[in-house]
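A short worksheet on the structure shown next.
The values are calculated or read from the model by the stated rules, or taken from the named source; none is laboratory data. Everything numeric in this text was worked out from a predicted model, so none of it was measured. Accessible surface is based on the protein model in full, side chains and every heavy atom, while ligands, DNA and RNA are left aside. Shrake-Rupley method; radii C 1.70, N 1.55, O 1.52, S 1.80 Å.
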Amino acid sequence: MTDTAPIRLLVVDDERSLREPLAEYLAREGFEVREAESAAAARTVLVGFAPDLVLLDIMMPGEDGLSLCRHLVETRDVPVILVTAKGESTDRIIGLEIGADDYVTKPFEPRELVARIRSVLRRAARTALPVETDIVYHFEGWHLDLLKRKLVDPEGASVSISTAEFRLLRAFLDHPRQVLDRDRLLDMVQGREAQLFDRAVDNQVSRLRRKIEADSRDPQLIQTVRGGGYRFAADVQRKAAG
């Protein structure tokens with residue numbers, strides 16, 4: 001995204017009567033908008049279109065919005081705003097916990113939605129982790145390659161890691177042996193107001209522990225600090241790749 005290029009949005013909603021007028025309104029506001037009536041259609045659009053933000057309805061026939069949100073969080077570094085009905089508080093919570101950046105509840109005021117879109121994009125830009133293409137982190141036999149976003153265990157095997165897990169691990173590796181409270185972690189990893197969901201950090205930490213701890217029930221690397229947050233309890237070395 002540049003200063004002159006329009007912000008690219010993907011609107012995913014099975015309700016044509018809502019999706020099309022919304023897309024038209026957003027286009028009038030200066031956005032480049034693509035539409036998808038289902039998660040399957042969205043996946044097809046994403047093959048040739050790289051949105052700066054996705055507006056995603058939760059309740060859709062077939063694959064639901066939560067499943068697509070999880071896919072986006074794990075495979076693309078793109079902000080997601082969930083669109084929910086009033087009675088979908090549980091799904092909304094789950095969406096935030098798996099990495100969505102914000103939500104709006106139907107019916108919503110289009111001007112408020114535009115304000116939320118711009119706010120999420122500002123936070124994402126402000127909290128984006130810089131890419132140092134020639135740096136590899138080393139800790140306890142593990143390696144994290146920033147350019148390749150590749151995590152390798154002490155036996156030399158690659159370990160799959162989602163975008164959210166990558167960002168969280170890098171936050172810890174950038175601040176070894178420091179206590180990081182949930183507010184700070186949420187700002188660094190997801191770039192949205194911390195009061196939305198502290199549980200989102202706890203769930204991401206749990207998933208990361210399952211990847212890098214010998215026993216996630218007795219974590220030695222990512223330690224919980226009572227009343228304080230978390231601490232990465234290992235020495236970390238940063239070296240040039242190659």
Task: Per-residue ³J(HN,Hα) for the range 161-178, Karplus 6.51 cos²θ - 1.76 cosθ + 1.60, θ = phi - 60°, Hz, x for Gly and Pro - done: 9, 6, 4, 5, 5, 4, 5, 5, 4, 5, 4, 5, 5, 6, 9, x, 6, 9
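Using heavy-atom solvent-accessible surface (probe 1.4 Å) with all chains present, what is the largest-first order of E63, E155? Walk me through the numbers before you get to the answer.
Values: E63 55, E155 150 Å².
Final ranking, largest accessible area leading: E155, E63.
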Open item on the list: Quick check: with the 1.4 Å probe, what order do M188, M59 take by accessible area, largest first?
Closed with: M59, M188
Task: Long-range HN-HN contacts of D64 with modeled amide H, under 5 Å - done: none
Task: Share of pairwise Cα separations in the chain, more than 28 Å, in percent - done: 36 percent
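How much accessible area per residue does the chain have, counting only protein heavy atoms and a probe of 1.4 Å, in square angstrom?
Working: 11960 Å² over 242 residues.
Result: 49 Å² per residue.
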- [ ] Calculate the radius of gyration of the Cα atoms of the range 1-47 to one decimal place, then report Dmax, the largest Cα-Cα distance, as a whole number, both in Å.
- [x] 11.2, 32
Task: Pairs of lysine residues in the chain - Cα separation under 22 Å, sequence separation of 8 or more or cross-chain - done: 5
Task: Counting DSSP beta bridges with both ends in the chain, the antiparallel % (nearest 5) - done: 55 percent
